[in-house]
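J.: One structure follows; several queries about it will come next.
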Amino acid sequence: MSPQIRIVLVEPLYQGNVGSVTRSMENFGFDDLVLVNPCKLEGQARAMSCHASDLLESAPKVDTLEEAIEDTDIVIGTSGIAGIKTDQHIRMPAYTPSEIRDKFRETNGKIAFLFGREDNGFTREELKRCDMIMTIPTSEKYPIMNISHAATVAMYEMSNLEIGERPIANGFDLQLLYDHFGQVLADIKHPEHKMEKTSIMLKRIFGRAELTPREVQTLRGVLRDIQRQKK
Ligand SMILES: C[S@@+](CC[C@H](N)C(=O)[O-])C[C@H]1O[C@@H](n2cnc3c(N)ncnc32)[C@H](O)[C@@H]1O
């Protein structure tokens, strides 16, 4: 179970930013974008969108934030100002992207992530409509990010994508490697009383290294060279 994610851009001013957001959405496997009263979307938006121009063309354009979020369960506003105020006194606590991911990873509702205007962010009324605020930690000197960069970080955290095609050596190959190390340690006359501790340590090191079959092969090649030198 994982939540559905909607990206909502509230009155974006620059078409290039909208195009960049759609490109990132395609990168991270999201396709639910709603644009609230956006700027004109023409050539520059398409250029920045690259292979995501279908998403750019098909994204619903609505007049109000209310329409953009009416069928969602949780509304998360985003801001570069940690602890942004909804009125003169009340600050909303800010969550980091990874805290948000941990909170919602086991849920199956629909979450809207709102991104504000490039010049003024959100109005107080819009902030009051949010259930939570997410702030991406940045350098204190300059916490305000470009809207498409901020959206990309949020999407990266909320995506469940994993790097594919990295083969990991299996237990059999690793055992051959450990045995081979054992032989070399014996060949180089590693002190008998240290043998067990050293073997355990080598297993721990290689166990957490997530070696590929090729890396195991290379290491065993090096061990063979050492053995040849010793003869
Ligand atoms: C250029 S910023 C708006 C700056 C505006 N002056 C303000 O005070 O909010 C455009 C949007 O990017 C998002 N954003 C920028 N920096 C962020 C950060 N550090 N964490 C989360 N979102 C951020 C927010 O959605 C923000 O409304």
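The values are calculated or read from the model by the stated rules, or taken from the named source; none is laboratory data. Just so it is clear, the model here is predicted, and its values are computed rather than measured. Positions of Cβ are generated from backbone atoms using ideal geometry, with glycine treated the same way; all protein chains shown enter the neighbour counts.
J.: Consider ILE144 carefully, then state whether it is in contact (Cβ under 8 Å) with a residue 12 or more places away in the chain, within 12 Å of the ligand (Cβ to nearest atom) and in the same structural domain as PHE30 (by TED's automatic domain parsing).
T.: yes
J.: Report yes if some residue within segment 120-139 is of a type in the set (Asp, Glu) and within 7 Å of the ligand (Cβ to nearest atom); otherwise report no. Spell out how you get there, then give the answer.
T.: Pass one, segment 120-139, residues of a type in the set (Asp, Glu): 125-126, 131.
Those left that are additionally within 7 Å of the ligand (Cβ to nearest atom): none.
No, segment 120-139 contains no residue that is of a type in the set (Asp, Glu) and within 7 Å of the ligand (Cβ to nearest atom).
J.: Looking at (1) buried (at least 20 other Cβ atoms within 10 Å of the Cβ); (2) within 12 Å of the ligand (Cβ to nearest atom), can you tell me which one ILE69 breaks?
T.: Single failed check for ILE69: (2).
J.: Spot the failing condition for LEU185; the list is (1) surrounded by 10 or more Cβ atoms within 10 Å (Cβ to Cβ); (2) in the same structural domain as SER20 (by TED's automatic domain parsing), and only one is missed.
T.: With (1) surrounded by 10 or more Cβ atoms within 10 Å (Cβ to Cβ); (2) in the same structural domain as SER20 (by TED's automatic domain parsing) applied to LEU185, the lone miss is (2).
J.: Something else now. Which of the residues spanning segment 81-111 are closer than 24 Å to LEU35 by Cβ, within 12 Å of the ligand (Cβ to nearest atom) and buried (at least 18 other Cβ atoms within 10 Å of the Cβ)?
T.: Selection gives ILE84, PRO97, ILE100.
J.: Ok, one more. Considering only residues that are in contact with a helix residue (DSSP H, G or I) (Cβ under 7 Å, 6 or more places away or on another chain) and in a helix (DSSP H, G or I), which ones fall in segment 101-112?
T.: Correct list: ARG101 only.
J.: Within segment 115-127, identify whether any single residue is within 20 Å of the chain's Cα centre (by Cα) and closer than 22 Å to VAL34 by Cα, and answer yes or no.
T.: For segment 115-127, residues within 20 Å of the chain's Cα centre (by Cα) and closer than 22 Å to VAL34 by Cα: present.
J.: Of all residues being among the hydroxyl-bearing types (Ser, Thr, Tyr) and within 17 Å of VAL10 (Cβ to Cβ) in segment 112-151, which is surrounded by the fewest Cβ atoms within 10 Å (Cβ to Cβ)? Just the residue, please.
T.: By that ranking, first place goes to THR123.
J.: Next question. Considering each of LEU9, LEU13 in turn, give the residue that is within 12 Å of the ligand (Cβ to nearest atom) and either more than 23 Å from MET145 (Cα to Cα) or outside any loop (DSSP other than H, G, I, E, B) (or both).
T.: From the options LEU9, LEU13, the qualifying one is LEU9.
J.: Counting only residues that are among the small types (Gly, Ala, Ser) and at negative phi, give me the helices (runs of 4 or more DSSP H) lying completely in segment 141-231 with at least 2 of them. First the steps, then the outcome.
T.: On the way: elements: 147-158, 171-187, 195-208, 213-230.
So the answer is 147-158, 171-187, 195-208.
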